[in-house]
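Student: The structure follows.
Values in this text are rule-based calculations from the coordinates and carry no lab data. As the structure is a prediction and not an experimental result, all values here were calculated from the model. We place every Cβ from the backbone using ideal geometry, glycine too, and count neighbours over all the protein chains shown.
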């Protein structure tokens, strides 16, 4: 089955000490906030579809699989989804891939599954607990990192426009 999602970029984004400065490399962070918001909506729509399908499956089987469906829905499905997709080779959820953004470790490498788990667990625990106030942090951060990114050592970048060269990072012209 052909995928319309962009192919993962097999480029080493490792940097020596910390992610590139937003003033030196605005292409890494330009538009990250609104892209993250749209990616979130895409991911929630996808997961809602899965949950509704499981509930309908449960209804059509006369609740024979009620325990299994209840276990799947009761498990932190959102955390498992985020951890599995952000920690994978693509370094982002399906929504993030559609929007051309990736999560990277503070060193520029792809995040480990543990980092993805910590970021996801912090996000899904702290956001409802603080009524979403932790998301405001990104408005004041130069790299547009949300609080869970800061605590888990990750950064979200627009990797679709960046390519590595011998001299450092360069901007690839945006395709129209």
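Student: At 7 Å along Cα-to-Cβ for each site, give me the label-to-label distance between residue 114 and residue 52 in nm.
Tutor: 3.9
Student: What does the C-alpha gyration tensor say about the overall shape of the stretch 111-154? Classify as rounded when a/c is under 1.5, otherwise prolate if a/b is larger than b/c, or oblate.
Tutor: oblate
Student: Can you list the residues of the stretch 79-109 with backbone N under 14 Å from a point 7 Å past the Cα of residue 45, pointing along Cα to Cβ?
Tutor: Counting only backbone N, you get 94-99.
Student: Looking at the stretch 79-125 from every direction and averaging, what is the projected area of its Cα convex hull in nm²?
Tutor: 3.0
Student: Still on this structure, I have one more. Between residue 66 and residue 133, what FRET efficiency follows from the Cβ-Cβ distance if R0 is 30 Å, with the result rounded to 0.05?
Tutor: Calculated value: 0.20.
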